[in-house]
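*Asks:* The structure follows.
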Amino acid sequence: MKRVILFFALAFSIQTSLAQDNFTISGSVKDSATGEEIIGAIVSVKEMAATGASTNAYGFYSLTIPKGNYTVTAQFLGYTSKTLTVNLTASIKLNFKLSSGTQLEAVTVGAEKKNDNITNTSVGMEKLTVKEMNAIPVLFGEKDVLKTIQLLPGIESAGDGNSGFYVRGGSADQNLILLDEAPVYNASHLLGFFSVFNSDAIKDVTIYKGGMPAEYGGRLASVLDIKMNDGDDQKFRVSGGIGLISSRLSIEGPIKKNRGSFIICARRTYADLFLKLSSDSALKQSSLYFYDINVKANYMLGDNDRIYLSGYFGKDVLGFGNTFGINWGNATGTLRWNHLFSDKLFCNTSLIVSNYNDNININFVGTSIGIFSRIQDYGVKQDYEYFINSKNKLKFGFYSTLHQIVPGTITAVNSSASNNLTLTNQYAWENAIYVSHEWKATQRISFNYGIRFTAFSVLGPGTFRNYNTATGATIDSTNYNPGQFVTTYFTPEPRFAATYLLNEVSSIKASYDRNAQNLHLLSNSTSENPTDLWIPSSNYVKPEIADQFSLGYFRNFKDNNYEFSTEVYYKLMQNSIDYRDNAQLEFNENIESQLLFGQGRAYGVEFLLKKKYGKFTGWIGYTLSKSETQISGINNGSWYPAIQDRPNDLSVVLIYQIAPKWTISSTFIYYDGSPVTFPSGKYQIDNQVYFYYTSRNAYRMPAYNRMDIGVTWQRKKTEKFESSWNFSIYNVYDRWNAYTITFQTNPNNSQETQAVLTALFGIIPSVTYNFKF
């Protein structure tokens, strides 16, 4: 024992002596005009070419280097780089304030160390800027982060005008969507035609398709991490936009200059106002609109402490006279505390609330029926970042949340034919701890590895059943009291990523990650629907697990102005869920009996060519992929295409600044149609026609293609006011892409069957006026 103590004492003394000549430069990188922290800015040391650090989600960085005289530079895309000289004889704080640069001045404008895409260890990660989102033409002229990420390889649209998306063969519910760390369970407005994210409120967008960092978990396919703007801590500003069917307004300013700020963003559509002009009395009484509000405030308590309070509140209202009405909405809230224990140890503590609910009201023949469901989370999260030195960074923390699901309540008034029905509320407690290590082993080799341990506990009260998987019949059932543990699933989730630098402009990257998902979405439609039902894992429904392997080659050209990458991936999924034939999902007390379980696999190759600087920017993305499922009891146990299987997906995004005031942009999209189950024949019983179905997902919808164009005119800026006009045309060559295909008997010949194609949009022009003062 004495030898062990002596060994550790000697090791500590050696480490201390070696560290005596090393000191730490730490601080923040901010926008000089607004005081906003810049996420992902690069701080580098000229005299040490291989040394640098990027700012974290709160704009903080830390560098530990030997004492001496250094030239330290902070850089970020779209900003003029700033350089300071230091004589490092002790640890110091060095804060940077960067000014927005002109993109045409490509030599003076900094980037995220232009070849950062080559040197970092991120595999399957993409970042988007608000400037890119604002330049891309979209439906109704409403800038949309979810529509924009669908233009990236490996990310596919769930359908025309739909904000739902598929990532690397995963279903729409396998994407974790975070807004200031709070999960958003339904990111759609107006049945998917808009997303809940107002671009005026967004500061940073990052999506992980593979190589998932250990701090994220709970979904199999991807993480979309969205950070809201903090607000201007220098002066008050007002900005907004007026469009054909929606308008938005933002107000921001300092709570106390240089110490705290706030921002409030509001948005509303007014398509319902046009209904009032109709001569149809029923349409005059109808509703069709959504609104959302983003709020955020922050304040520095001292040099080492800062608090943030942010929230989102949104609601959709859709109704037809007094006959039918549905409203649904999200509410999230996050209270965060940043604390700097030292110039090397950073901590963030978050209290998180998320609520999604929907209400349906139906009135007919003297009967009023109300339907209500909800999913609600209460969570706490603590994350640490320890900047050991310029080559080592450690992340660790924990996460704990209580899930409460109200699967459905039906109330009926003035009806003897309908009975009230309440499905049992469901409760679960999810916990996780994680640790990861980012290590620059040599100038050419870097690693990022770690592990996440998840414990998902199913809680009472309720009756929990086991079912015969072949028939769906109940085998046994057990009653549990409130708070009683039904079962707990422990899942280790290892993560590993590595980068090998071939030279300054090219690298090879590889990753492996395992993810577990314990919340599952049950839906019988291809698009996001407000009545879709979330259920937790149970004694019968096991966690879904995915193991993904990725390998990529990254290459830059022409002084890093062009980026090329290709990635291949292979994903294996356990406990994949699908429905029995003729499953009954709506308000079924034994809904788990309608489910079958098996395995899945997804594999593919992605190509991305991107130009980031100069007058002409944009990208071309192409994905060749396959996603399949195998479940006993479906398709005779053979592999069949998953509903999100899209073998070919192509996106082209072009943005050209033709003059200082004029920017033109265009997008082109092509993808193969989704697999569907169409009838293979029909038969007749008692003069009633029934369709006959064989293999699951054996047919495909027609291929989809569309082109959009947009033009932005920026009026001359003044010190106090700026404005612009945006003109766009969605589906410029007026292609009627299939939204649904249904079948019916030919009214003129009962022996024939007709296929009826429904399309949502033809050509749609739009115009938006944007302002800021």
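The values are calculated or read from the model by the stated rules, or taken from the named source; none is laboratory data. Computed from a prediction, not measured in an experiment: that's the story for all the values here. Cβ atoms come from the backbone with ideal geometry, glycine included; neighbour counts cover every protein chain shown. Note: areas computed on protein heavy atoms with side chains; ligands, DNA, RNA excluded. Shrake-Rupley method; radii C 1.70, N 1.55, O 1.52, S 1.80 Å.
*Asks:* With a 1.4 Å probe and every protein chain left in place, tell me how much accessible area Leu288 has, in Å² to the nearest 10.
*Replies:* Leu288 has an accessible surface of roughly 60 Å² with all protein chains in place.
*Asks:* Between Ala455 and Thr422, what FRET efficiency comes out of the Förster formula 1/(1 + (r/R0)^6) with R0 = 35 Å and r the beta carbon distance, rounded to 0.05?
*Replies:* Taking R0 as 35 Å, the efficiency between Thr422 and Ala455 is 0.75.
*Asks:* Using a Cα-Cα cut-off of under 19 Å, which lysines could be cross-linked to Lys611, ignoring same-chain neighbours fewer than 8 residues away?
*Replies:* Straight-distance partners of Lys611: Lys113, Lys114, Lys127, Lys131, Lys558.
*Asks:* Sticking with this one: Which percent of the Cα-Cα distances in the stretch 634-773 go past 21 Å?
*Replies:* Within the stretch 634-773, distances greater than 21 Å cover 63 percent of Cα pairs.
*Asks:* Right, another one. Mind listing the long-range amide H neighbours of Ser32? Cut-off is under 5 Å, sequence gap 5 or more, other chains count too, H placed in the peptide plane at 1.01 Å from N.
*Replies:* Here Leu98, Ser99, Ser100 satisfy the definition.
*Asks:* Follow-up question, since we're still on this one. In whole Å, largest first, what are the principal axis extents of the Cα atoms in the stretch 285-341?
*Replies:* If we take the Cα atoms of the stretch 285-341, the spans are 59, 13, 9 Å.
*Asks:* Something else: Need one number: nm distance between label points at Lys93 and Ser32, each 7 Å from Cα along Cα→Cβ, rounded to one decimal.
*Replies:* Here the answer is 2.1 nm between the modelled labels.
*Asks:* Can you tell me the alpha carbon radius of gyration of the chain divided by the globular rule-of-thumb value 2.2 N^0.38 Å?
*Replies:* Scaled against compact globular proteins, the figure is 0.99.
*Asks:* Dividing the Cα radius of gyration by the Kirkwood radius, what Rg/Rh value follows for the stretch 670-716?
*Replies:* 1.46
*Asks:* Work out how much length Thr471 to Asn648 would gain on full extension: take 0.36 nm times their residue separation and subtract the Cα-Cα distance, in nm to one decimal.
*Replies:* 60.0 nm
*Asks:* To continue, here is another question. When Lys and Arg each count +1 and Asp and Glu each count -1, what net charge do the other residues less than 13 Å away from Thr24, Cβ to Cβ, add up to?
*Replies:* After counting each charged neighbour, the total is +2.
*Asks:* With point charges of +1 on the Cβ of Lys and Arg and -1 on the Cβ of Asp and Glu, referenced to the Cα centre of the chain, which listed residue (Gly192, Val767, Ser436) lies farthest in the positive direction of the dipole?
*Replies:* Ser436
*Asks:* What angle, in degrees between 0 and 90 and rounded to the nearest 10, separates the Cα long axis of helix 2-19 from the longest principal axis of the Cα atoms of the chain?
*Replies:* With rounding to tens, the tilt is 70 degrees.
*Asks:* Taking a quarter of the surface of the convex hull around the Cα atoms of the stretch 183-238, what do you get in nm²? Working shown, then result.
*Replies:* Numbers: hull surface 23.2 nm².
Average of the hull's projected areas for the stretch 183-238 equals 5.8 nm².
*Asks:* Just to compare against my own numbers: the Cα pair-distance distribution for the stretch 611-655, 10 Å bins, whole % per bin, please.
*Replies:* 23, 28, 21, 15, 9, 3
*Asks:* Roughly how many Å² is the accessible area per residue of the chain, as a whole number, for a 1.4 Å probe?
*Replies:* 44 Å²
*Asks:* A follow-up question, please. What whole-number value in cubic angstrom gives the convex hull volume per residue for the C-alpha atoms of the stretch 133-261?
*Replies:* Cα convex hull per residue, to the nearest whole number: 124 Å³.
*Asks:* Let me ask something else. Highest mean first, how do 533-540, 489-496 rank when packing is the count of other Cβ atoms within 10 Å averaged over residues?
*Replies:* Answer by packing, highest mean first, reads 533-540, 489-496.
*Asks:* Continuing with this model, one more query. Tell me the mean residue ellipticity at 222 nm calculated for the chain from its helices only (DSSP H runs of n ≥ 4, each -39500 (n - 2.57), averaged over every residue, nearest 500). List each step's numbers first, then the result.
*Replies:* Working: 6 runs with 42 residues, N = 773.
Taken over the chain, the calculation gives -1500 deg cm²/dmol.
*Asks:* So how do 597-608, 383-394 stack up, highest first, on mean other-Cβ count within 10 Å? Walk me through the numbers before you get to the answer.
*Replies:* Details: 597-608: 19.6, 383-394: 18.0.
Per-residue mean Cβ counts within 10 Å order the peptides as 597-608, 383-394.
*Asks:* In whole percent, and with a 1.4 Å probe on the protein chains, what portion of the accessible area of the chain is carbon and sulfur?
*Replies:* 58 percent
*Asks:* List, in the order given, every pair from Lys203/Lys661; Lys203/Lys542; Lys227/Lys381; Lys203/Lys716; Lys257/Lys393 whose Cα-Cα distance in the structure shown is over 27 Å.
*Replies:* Values: Lys203/Lys661 24 Å; Lys203/Lys542 37 Å; Lys227/Lys381 16 Å; Lys203/Lys716 24 Å; Lys257/Lys393 33 Å.
Distance filter (> 27 Å) returns Lys203/Lys542; Lys257/Lys393.
*Asks:* When we measure straight from the Cα of Lys626, which lysines land under 17 angstrom away, once same-chain ones fewer than 8 places off are left out?
*Replies:* Lys209, Lys571
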